[in-house]
Structures are given as structure tokens and as C-alpha cells.
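Asks: My questions all concern the structure below.
The values are calculated or read from the model by the stated rules, or taken from the named source; none is laboratory data. Computed from a prediction, not measured in an experiment: that's the story for all the values here. So basically every Cβ, Gly included, is an ideal-geometry build from the backbone, and we count neighbours across all protein chains shown.
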Amino acid sequence: MIPEAEQHEIPFKERRIIKNPRMRRGIFLLPSMLTAANLLCGYYAVVAALVGGSDDFDHAAKAIGIAIVFDAMDGRIARLTGTNTEFGVQFDSLADVVSFGIAPAVLAYAWGVRSLPGIQSGQFHRLAEFGWIACLIFLVCCAWRLARFNVQGMAPGGSKYFVGMPTPAAAGVIAALIHRFKYPLHDWRWAIVWLSLAVALGALMTSTIRYYSFKDLPWSRKQPSLGIIVVLIIFGIAWQYSEYFLMTFACSYAAIGVALHLVRYIRHHMSTRTA
């Protein structure tokens, strides 16, 4: 077997996936089912956004959140069981384009533009044009970000950081805000802010800003018994106050990445001037 550290040094097209022959048939189906569940959630989110009721918008946002969970599980399970394949990588990326690109783009437009008073009569014709262009930018940046990740992988030096904001995190910001406020926008000024946020999230996905990946957390190691209590408390708070917790977590994750990037830039700039 090729050590994991050496596999990262092999070009993407030349990598060989190591599989356990006895586990291949039974377990290969599991990560693919999780990826398909991710895709199903994205499709449901699009349909719910097109229906357009306040409850439907909330259901679409929740579907995107569930898709994030499935997306986090399929790759991890594939690696743990030795069933990761290039087909699985491509299938996962295509599912992510739907769940974290198309679904949040359609949801952002339907929630932030389509429900504006007078939009159907053409009163906000220019705003509607800006809306579909802004959401298209988000979608294109999502697809570009996924393609870059398939070619380049994680940030240099290990798997601790992503290069650019992960697509699930960008979609999570849109979903969390809609889950918090639910009712669609009825003020064209807030609609402009909302669409500008979608463009900004697209820019963050295609940027070189490093975002923490949470992949170095010791999930498989023994932890103090108090740790499970803390985790249960956090999950309880997230469940009971999901509207505030998820919005705070998603927006903080986006903002912290930018803030740390600015701090690193200022430090580098000051050290260069003093050298």
C-alpha cells in the first residue's frame, strides 16, 4: 500500500485508489448513497424555492443544511472504508454543484428578488436583471471552486486549510440567513444588499483565502468523558435555537477567514517593511 503522505505527491490523474477486495461490493454503495442523498436534498431545495411560500423557503434552506451533513459524511466514510474512487470524487462534485451551487442560487433569487412588490409588473426590471446575474455569478464561482479543488486539493502543507471558502460553507450562509428570517424580502434596498452578499460569497469561493477545514479534529481518538457532554450541549443548543446558532456559525466562519487573511497580510507587509 502507498502511504497516505505519499499519495498526495502523486499527480491527480495518476493516483490509484487502494481498495479492500472483501469490502468493495458491500460498502462501495454506502458513500454513493450518501452522495445521492446530498443530490436529492439539492433537488428538493430547488423545487421548494420555486413553490415560493415562506415555509417552502425555510424547507429549502433546511434541505441545503442536510445536504451539507451528507456531503461531510460521504467522503469520510469512503476514506475510512477504503472505497474512495475517482468516480466517487466526480459524482460528489456534480452533486455539490446542484446542492451548493444551483439550489442556493435559485433560493437566493426567489427569496430576495421574486417576492418584491411590483417585480412581476416590471417595476424593478433592472433589479431583476442584477438578481439573476448575481446568482449566476454565485453558481459559476461554485463550479469553478469545485473544479479547482479536484485539481489542486487542499492548501499546501496538509489538509488543515481549504484554499478559498468551501462551497458548502458559502451555501450555508445563504441557507442559514433564510432559515433565520424566513419571510422573503419586500424592500428593494435590502434586495441589493442580499444580492451583493451572493456575489461576495462567490468571490470568497474563488479567492485564495485559507479557511479552516476541521479535518484535523481528533474524532477517532479517545477523548475525556466530559467532552461528550460538551458536544451534546452544543447539539442541544443548535437544535433548540437553530435559527440563531446556524446563522451565527455560518456568518462567523465566513468573516473569520477574511479577518485572519487580513491579519496575515498586515503582518507580512509590516515584516517586509522592517526587513
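Asks: Regarding the stretch 130-146, can at least one residue be identified that is buried (at least 17 other Cβ atoms within 10 Å of the Cβ) and touching a Cys at 6+ places or on another chain (Cβ under 6 Å)?
Replies: Taking every residue of the stretch 130-146 in turn, none turns out to be buried (at least 17 other Cβ atoms within 10 Å of the Cβ) and touching a Cys at 6+ places or on another chain (Cβ under 6 Å).
Asks: Let me ask another. Within the stretch 41-86, can you find the residues that are polar (S, T, N, Q) and within 24 Å of Leu185 (Cα to Cα)?
Replies: Ser54 - this is the single residue of the stretch 41-86 that is polar (S, T, N, Q) and within 24 Å of Leu185 (Cα to Cα).
Asks: Of the residues Ala250, Ala255, which is hydrophobic (A, V, I, L, M, F, W, C), under 26 Å from Val113 (Cβ atoms) and free of Cβ contacts under 8 Å to residues at least 12 places away in the same chain?
Replies: Values: Ala250 fails: free of Cβ contacts under 8 Å to residues at least 12 places away in the same chain.
The unique qualifying residue is Ala255.
Asks: Working only within the stretch 41-66, note down all residues that are of a type in the set (Ser, Thr, Tyr) and either in contact with a Lys or Arg (Cβ under 7 Å, 6 or more places away or on another chain) or surrounded by fewer than 15 Cβ atoms within 10 Å (Cβ to Cβ) (or both).
Replies: Within the stretch 41-66, just Ser54 meets the criteria.
Okay, residues lined up against (1) modelled with pLDDT of 85 or more; (2) touching a helix residue (DSSP H, G or I) at 6+ places or on another chain (Cβ under 9 Å); (3) farther than 30 Å from Tyr212 by Cβ; (4) acidic (Asp, Glu):
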| position | (1), (2), (3), (4) |
| --- | --- |
| Gly122 | no, yes, yes, no |
| Trp132 | yes, yes, yes, no |
| Leu139 | yes, yes, no, no |
| Arg145 | yes, yes, no, no |
| Met154 | no, no, no, no |
| Gly157 | no, no, no, no |
| Val163 | yes, yes, no, no |
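Asks: Moving on. Of all residues in the stretch 67-90 being surrounded by 15 or more Cβ atoms within 10 Å (Cβ to Cβ) and farther than 21 Å from Gly172 by Cβ, which is nearest to the chain's Cα centre (by Cα)?
Replies: Per the stated criteria, the residue is Val89.
Asks: Would you mind listing the helices (runs of 4 or more DSSP H) fully within the stretch 20-134 where at least 3 residues are out of contact with any His (no Cβ under 7 Å at 6 or more places or on another chain), within 26 Å of Trp194 (Cα to Cα) and touching a residue at least 24 places away in the same chain (Cβ under 8 Å)?
Replies: 29-51, 54-81, 86-97, 103-109
Asks: A further question on this structure: When you look at Ala250, is it buried (at least 20 other Cβ atoms within 10 Å of the Cβ) and closer than 24 Å to Val51 by Cα, yes or no?
Replies: Criteria not met by Ala250.
Asks: Something else about it: Just need a number here: residues in the stretch 40-66 that are aromatic (Phe, Trp, Tyr) and more than 17 Å from Pro168 (Cα to Cα).
Replies: Qualifying residue count, the stretch 40-66: 1.
Asks: Could you count how many residues in the stretch 149-202 are aromatic (Phe, Trp, Tyr) and crowded, with 24+ Cβ neighbours inside 10 Å? Even if it seems obvious, please write down each step before you answer.
Replies: Looking only at the stretch 149-202, we keep the residues that are aromatic (Phe, Trp, Tyr), and these are 149, 161-162, 181, 183, 188, 190, 194.
Still in the list and also crowded, with 24+ Cβ neighbours inside 10 Å: none.
Qualifying residue count for the region: 0.
Asks: Mind checking which residues of the stretch 73-98 are under 14 Å from Leu30 (Cβ atoms), among the acidic types (Asp, Glu) and touching a Leu at 6+ places or on another chain (Cβ under 7 Å)?
Replies: The one that is under 14 Å from Leu30 (Cβ atoms), among the acidic types (Asp, Glu) and touching a Leu at 6+ places or on another chain (Cβ under 7 Å): Asp74.
Asks: OK, next. If I filter the stretch 197-208 down to residues being β-branched (Val, Ile, Thr) and at pLDDT 95 or above, which single residue comes out as nearest to the chain's Cα centre (by Cα)?
Replies: Thr206
Asks: Scan the stretch 262-272 and give yes if some residue there is assigned to a helix (DSSP H, G or I), surrounded by 10 or more Cβ atoms within 10 Å (Cβ to Cβ), polar (S, T, N, Q) and out of contact with any helix residue (DSSP H, G or I) (no Cβ under 6 Å at 6 or more places or on another chain), otherwise no.
Replies: Within the stretch 262-272, none of the residues are assigned to a helix (DSSP H, G or I), surrounded by 10 or more Cβ atoms within 10 Å (Cβ to Cβ), polar (S, T, N, Q) and out of contact with any helix residue (DSSP H, G or I) (no Cβ under 6 Å at 6 or more places or on another chain).
Asks: Which of the residues spanning the stretch 155-200 are part of a loop (DSSP other than H, G, I, E, B), free of Cβ contacts under 8 Å to residues at least 60 places away in the same chain and aliphatic (A, V, I, L, M)?
Replies: Passing the criteria: only Ala155.
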